[in-house]
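Visitor: Got a structure for you, written out below as C-alpha cells; questions coming shortly.
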Amino acid sequence: MRNYPILAHGRWISEELRPFLRQYIVEGNLTGRPFNRHQRSIVYERAKNTVDSQPFGSDLDFYGDEYELTTHSMAAKTLDGTKFRTRIGNGQCKQPYDASLLNVSAMSFGSLSGKAIRALNKGAEMGGFYHDTGEGGLSEHHRAYNGDLVWELGTGYFGCRDRNGRFDPGLFRETAQSDQVKMVEIKLSQGAKPGHGGVLPGAKVTPEIARARQIEVGKECVSPGSHPEFDTPVGLMEFVARLRDLSDGKPVGLKLCVGHPWELLAVCKASLETGIRPDFIVVDGAEGGTGAAPEEFSDNVGLPLRDGLIMVRNALVGTGLREDISIGASGKVFSAFSMANNLALGADWCNAARAFMFSLGCVMTKRCHTDTCPTGVATQNPSRQRGLVIDDKAERVYHFQHNTLKRLGELVGAAGLDHPNELRPHHLYHRQGPNALTTMDRIHHFLEPNALIDEPESTPYAEWWAAASPDTFKALRETGPSHHRVIARG
Ligand SMILES: Cc1cc2nc3c(=O)[nH]c(=O)nc-3n(C[C@H](O)[C@H](O)[C@H](O)COP(=O)(O)O)c2cc1C
Ligand code: SF4
C-alpha cells in the first residue's frame, strides 16, 4: 500500500469484484462450488415454474469419476410424486406426522431474515411440507402463516430456556403443544460445524431476536458445543422421552452429523437398554451449509452425507431399530436425483436448506455472515430486505418443492417402482474409472437386520460396537483400523 497505493487499491477492488467476475464471466456451468451454475439453474427454473428441460443432451462427463445414475425399467410407470408421504412416529408417539419427502431444513430466524422465514413458511403451507425452525427459537415470523413446523432445540434451548440457559419444561410444553408444531428435533450437531457451539454477538441481539430466543437484548449469547441436559447416551434417550411427554406425544428425534462411530452405536445401545425409541434421526452431511462457521469445521470435520447416512442406516438396521426410527437426510439436496440418491441409500425423506434459499432469490454471494446479503435472504437490515416480497417468494418456494417432487415421481416411475421407499442401493450406479460402473451395494457395506446383535464380529463395525457403551459417549477401548474398511469398502 505504501509503495504502490494506486495499484494496491486496484488490487483490493479486483478482490471485491472477484466473486462476481468469477460467477458471471469466468466460471463454467459445472465448475462452481458449493453449487455450480447448472445446479442453481435447476432450482431457479423450478422455483419460477418455467421450463426446466435441457436441449441437445447432457453437459456431464459420463466417463468421469463423479458420474452417477439410477437405472430404469422396461415397465416404467406414471406416478404423481407430489403425493408421496412418509409416516414419522413410532408406537411411543401419540401424534405421528405424515411428512412430505422434501422439506425445509433448519435455518433459524437470525441467520435468515424475518421476511425469508415468512416466505418459507407460507410456501410450506401452500405445498403441505414442513419448515424446520432452526435452533434460534420459534419466532413470530414462523407463526405468521400456518405452515407445519418442526421445532429444533439446539444446545442454547432458545425459546424454552431459563435465565441460566438451562432447559425450561414449562416454556417447552407451551410451544410444543401448539398445533403448528408437528415434531421436535434435538440438534446434536450440524454438518457445516459439528461439535462447535455458537456465539451471537450482542450487537445482533435485536429486540425481535431477543423475543424469539428469550434472551436479553444487546447481550452476547453463547450456545455451548454440547447439551447441558444430558451427558450420556442413556441421558439422551431419557431427554427424548421427556420431550415426547411434554409435547403430548409428538414425534421427537435427533439431528446429527456423524462423528465418532461408536457414539452412534452407543445411542443405539442406549435405546435398546432403556426401551426408549426416538422417532427419527436426521443425518446431516459435512457438505451442508451454515450461516457462518470456522473454515476448519466446514472443510474438515464430520462425515459427508453419504458416509454418515449409510452408517446410520447400518446402525439402525443392524440393531433392529430401523422399524421404529425414520431417517431424514440433508446435505446438498437440490434435485430429484439428489433425493433419489439418499432414498436409495436408506433415507425416508430429505431436507434442503440452500436450495430453498436459491428459491428465495439467493445468488450465492457467500456473504451471509456479514449482514449485507444483497437479496434480503440472510440479513436483518430492513432496507436490504425491501426487495424480498413474501407472496412472490412463497410461490417460488412452493413451486421448487412441488416441481422437484414431480420429477422424483417420474424418476421412480421410470425405475418401474411405486414409491421412493422401494429404491435400493443397487438402483444407484457410481463410476469407478472409465471402464467400471458399479452399484452402491457393491461399493459399501449394507448390514442385514440385527447383524450387530447376532453376529457383530461378522460386520466391519465389530470394534466400534465393542467400544460403545450406553453409559458414556467415550469409547470403552481403543478402536482399530476397521475405520477405513467401513467408510469405503472395496
Ligand atoms: C443459513 C443457514 C442457517 C442454518 N441454520 C441451522 C440451524 O439453525 N440449525 C441446524 O440444525 N442447521 C442449520 N443449518 C444447516 C441446514 O439445516 C442443513 O443441515 C445443511 O445446510 C445441509 O443442507 P443444504 O446442503 O441443503 O444447505 C443452516 C444452514 C444454512 C445455510
Ligand atoms: S445472496 Fe449471498 S449473502 Fe444472501 S443468502 Fe445468498 S449467499 Fe448468503
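Visitor: Averaging sequence separations of C-alpha pairs under 8 Å and six or more residues apart, then dividing by the length of region 81-428, give the relative contact order as a whole percent.
Guide: Numbers: 789 pairs, mean separation 72.7, N = 348.
Relative contact order here is 21 percent.
Visitor: Give the aspartates and glutamates reachable from Lys474 as a straight Cα distance under 16 Å; neighbours fewer than 8 places away on the same chain don't count.
Guide: Hits, sequence-local ones excluded: Asp231, Glu263, Glu463.
Visitor: Let me check I've understood the local charge: for Arg431, count other residues with C-beta under 14 angstrom from its C-beta, Lys and Arg +1, Asp and Glu -1. What total comes out?
Guide: Charge balance near Arg431 sits at -3.
Visitor: Using Cα positions and a limit of under 17 Å, work out the lysines in reach of Lys83, with same-chain residues fewer than 8 apart set aside.
Guide: Once the sequence-local lysines are set aside, what remains near Lys83 is Lys406.
Visitor: Let me ask something additional. From Cα pairs below 8 angstrom and at least 6 apart in sequence, can you work out the relative contact order of region 398-447, rounded to a whole percent?
Guide: 20 percent
Visitor: Using Cα-Cα distances under 8 Å and only pairs 6 or more residues apart, what relative contact order does region 333-490 have, in percent?
Guide: Computed over region 333-490, the figure is 17 percent.
Visitor: Of Thr78, Leu21, Val282, which is farthest towards the positive pole of the chain's charge dipole, taken about the Cα centre with +1 and -1 on the beta-carbons of Lys, Arg and Asp, Glu respectively?
Guide: Result: Leu21.
Visitor: Continuing with this model, one more query. Cα-based Rg of region 81-428 per 2.2 N^0.38 Å, rounded to two decimals?
Guide: 0.92
Visitor: Continuing with this model, one more query. Which is the longest stretch in the chain that no exposed loop site breaks, taking sites as GluC sites (Glu not before Pro) with a DSSP loop state and at most 10 other Cβ atoms within 10 Å?
Guide: 67-477
Visitor: Quickly estimate the mean residue ellipticity at 222 nm for the chain, helices only: each DSSP H run with n ≥ 4 gives -39500 (n - 2.57), and the total goes over all residues, rounded to 500.
Guide: Result for the chain, helices only: -10500 deg cm²/dmol.
Visitor: Sequence neighbours fewer than 8 away in the same chain don't count; with that in mind, list the lysines whose C-alpha is under 29 Å from Lys219.
Guide: Counting by Cα, and skipping residues close in sequence, Lys219 has these lysines nearby: Lys115, Lys187, Lys193, Lys204, Lys255, Lys366.
Visitor: Share of antiparallel DSSP beta bridges in the chain, in percent to the nearest 5?
Guide: Around 35 percent antiparallel, to the nearest 5.
Visitor: Let me ask another. If you add up the charges near Gly165, with Lys and Arg at +1 and Asp and Glu at -1, over every other residue whose beta carbon is less than 14 angstrom from its beta carbon, what do you get? Intermediate values should be presented prior to the final figure.
Guide: On the way: positive: Arg161, Arg163, Arg166, Arg213, Lys219; negative: Glu135, Asp162, Asp168, Glu216, Glu220, Glu229.
Local charge sum for Gly165: -1.
Visitor: In the chain, once you exclude exposed chymotrypsin sites (Phe, Trp or Tyr not before Pro) (DSSP loop, at most 16 other Cβ within 10 angstrom), what's the longest stretch remaining?
Guide: 68-490
Only the coordinates and a few stated rules stand behind these numbers; no lab work does. Worth saying up front: this structure is predicted, and the values here are computed from it rather than measured. Cβ sites come from the backbone with ideal geometry, for glycine too, and all protein chains shown count toward neighbours.
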